[in-house]
Amino acid sequence: MKKIFKMRMFSLVVLAAFIIAATGCGYILHPERRHAKLSNEIDGKVVLFDCLWLIVGVIPGVVALIIDGVNDTWYYTEDEWEAIQSGSAMNIQPGQQLAVDIHGLAPADAKVTLSLLDNQGRQVTSTVEAQSAAGKDLSPLMLKVPQQLDHGELTLVLAVNDQQQCRWNLDVTQN
């Protein structure tokens with residue numbers, strides 16, 4: 001009876017290992033990343049699944065991390081990252097209040113800015129700025145969309161120390 005139980009447990013562990021390998025190995029799932037121009041953005045799913053190998057054992061986990069790290073397959077390609085960034089636009093209305101809430105403590109002193117830009121890159125409204133001290137939580141950044149905007153596309157840009165971190169495509173609609 002014990003032998004059957006041990007065999008079943010071993011089979012489940014092996015099955016789980018194969019599932020993790022099949023869903024998370026960037027080297028196997030993303031061979032195009034080995035030779036493409038890469039962005040600086042990490043594909044968190046690949047790294048997460050590589051780390052899950054550490055549950056199976058230290059050696060498989062370290063091997064998975066080394067293989068994907070050396071081959072840079074845990075980074076998105078520039079084309080993949082552009083496709084993610086240019087996803088569908090959020091609809092907003094003139095006069096609407098936009099809020100960006102950044103969770104967690106700041107690792108260092110930083111200047112955080114939120115800007116609303118038109119499709120030529122010009123500022124549509126004044127920039128919202130906040131200073132963050134190391135180890136402190138940042139309150140939500142609030143930005144009001146100007147009332148006099150017509151239909152069109154805008155971009156909401158979040159920057160830290162004047163380095164762009166995130167951007168969201170917005171589509172101005174009327175009621």
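The values are calculated or read from the model by the stated rules, or taken from the named source; none is laboratory data. In this text the structure is predicted, and so the values were computed from the model without any measurement. Glycine also receives a Cβ, built like all others from the backbone with ideal geometry; neighbour counts cover every protein chain displayed.
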Residues of the range 160-171 satisfying the condition of being without any contact (Cβ under 8 Å) to a residue 60 or more places away in the chain and buried (at least 16 other Cβ atoms within 10 Å of the Cβ) | Val160
What are the residue pairs meeting all of these: first residue in the range 19-37, first residue part of a loop (DSSP other than H, G, I, E, B), second residue modelled with pLDDT of 75 or more, Cβ atoms under 6 Å, and 6 or more apart or on different chains?
-> His30/Thr73; Ala36/Thr77; Lys37/Glu78
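Per-residue answers, yes or no, for (1) under 30 Å from Cys25 (Cα atoms); (2) touching a helix residue (DSSP H, G or I) at 6+ places or on another chain (Cβ under 8 Å); (3) not β-branched (Val, Ile, Thr):
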{"site": "Val58", "(1), (2), (3)": "yes, no, no"}
{"site": "Leu65", "(1), (2), (3)": "yes, yes, yes"}
{"site": "Ile84", "(1), (2), (3)": "yes, no, no"}
{"site": "Pro94", "(1), (2), (3)": "no, no, yes"}
{"site": "Gln97", "(1), (2), (3)": "no, no, yes"}
{"site": "Leu116", "(1), (2), (3)": "no, no, yes"}
{"site": "Ala134", "(1), (2), (3)": "no, no, yes"}
Only one of these conditions is not met by Gln148: (1) closer than 26 Å to Ile42 by Cβ; (2) among the polar types (S, T, N, Q); (3) assigned to a loop (DSSP other than H, G, I, E, B). Which number is it?
-> (1)
Please list, ordered by first then second residue, the pairs with beta carbon atoms under 9 Å, 6 or more apart or interchain, first in the range 140-159 and touching a residue at least 40 places away in the same chain (Cβ under 8 Å) and farther than 12 Å from Ser126 by Cα, second of a type in the set (Gly, Ala, Ser) and not in a strand (DSSP E or B).
-> Gln147/Gly95; Leu149/Gly95; Glu153/Ala89; Leu154/Ala89
Across the range 118-156, what is the number of residues that are closer than 16 Å to Asp101 by Cβ and in contact with a Lys or Arg (Cβ under 6 Å, 6 or more places away or on another chain)?
-> 0
Considering the range 89-109 alone, what residues qualify as being in a loop (DSSP other than H, G, I, E, B), surrounded by 12 or more Cβ atoms within 10 Å (Cβ to Cβ) and not acidic (Asp, Glu)?
-> Ala89, Gln93, Pro94, Gln96, Ile102, Ala106
Within the range 137-166, which residues are under 22 Å from the mean Cα position of the chain (by Cα) and charged (D, E, K, R)?
-> Asp137, Asp162
Checking Val112 against (1) surrounded by 15 or more Cβ atoms within 10 Å (Cβ to Cβ); (2) farther than 23 Å from Gln164 by Cα, the condition it does not meet | (2)
